[in-house]
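J.: Handing you this structure, nothing more for now.
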Amino acid sequence: MKIILQQPKRGRLFFITTLLLAFVFLLGCTQTTAPVPIYYPSSQPTSPTVSNPPTTTSQPLSYTSYWASNQVSAYLNNLATSPEAIRYLADLNSQGYFESIYYPNEVDQDIAGHKYSGWQVYLRTTGEVSRDYWDNLNWAVFKDGYVTEGSNDALIVKADLLELSK
């Protein structure tokens, strides 16, 4: 007995090939991410919650020695606008470090429309200084960030920075 293999008809081969290609195409187009859930509003209306509006003041909640020192540094940096003034300030900063001292019994005193934070910032020199008036520098820091000179020598530093910044 002889088994004769029949060649598939051309129509069947085309149909099977098309079916396989469609299957491969559909596998490639399947969604690879999780579906986004649909949320329906609840049937019960909710009342709006009342919250306090955010405060627009940029004042910190607590005034720290770090905050006071940064206020003085920013104040001096804003005065130095030329390369010569920046070099002067770099020389000043290299002569020592800032130390902040808190005076609690002077907090909230009104000085020229500013509430005093109680922080006084001093430049503590370490070793020989380039200028003799750098030994007695201090600044008062107010709650709104306002800084004023606390000594005549600090006024001289301000005048130096303004003169060099011209």
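What follows is calculated from the coordinates using simple rules that are stated; it is not laboratory data. Only a predicted model underlies this, so the values are computations on that prediction, with no experimental measurement involved. Virtual Cβ from ideal backbone geometry, glycine too; neighbours counted across all protein chains shown.
J.: What distance in nm separates the simple spin-label points at Tyr103 and Glu163, each placed 7 Å from Cα in the Cβ direction?
T.: In this crude spin-label approximation the distance works out to 2.9 nm.
J.: Suppose the chain between Thr64 and Asn93 were pulled fully straight at 0.36 nm per residue; how much longer would it get relative to their current alpha carbon spacing?
T.: Full extension of this stretch gives 8.4 nm more.
J.: In terms of modelled amide H atoms, which long-range or inter-chain residues lie less than 5 Å from the amide H of Val107?
T.: Here nothing satisfies the definition.
J.: Just to be sure I follow: if Rg is taken over the C-alpha atoms of the stretch 65-164 and Rh is the Kirkwood radius over the same atoms, what is Rg/Rh?
T.: That ratio equals 0.97.
J.: What list of ³J(HN,Hα) values in whole Hz, one per residue of the stretch 87-93 in order, does the Karplus curve 6.51 cos²θ - 1.76 cosθ + 1.60 (θ = phi - 60°) give from phi, with Gly and Pro shown as x?
T.: Those phi angles translate into 5, 4, 5, 5, 5, 4, 5 Hz.
J.: Another question about this same structure. Please list the three semi-axes, largest first and in whole Å, of the ellipsoid equivalent to the stretch 67-126, using sqrt of 5 times the eigenvalues of its alpha carbon gyration tensor.
T.: 26, 15, 7
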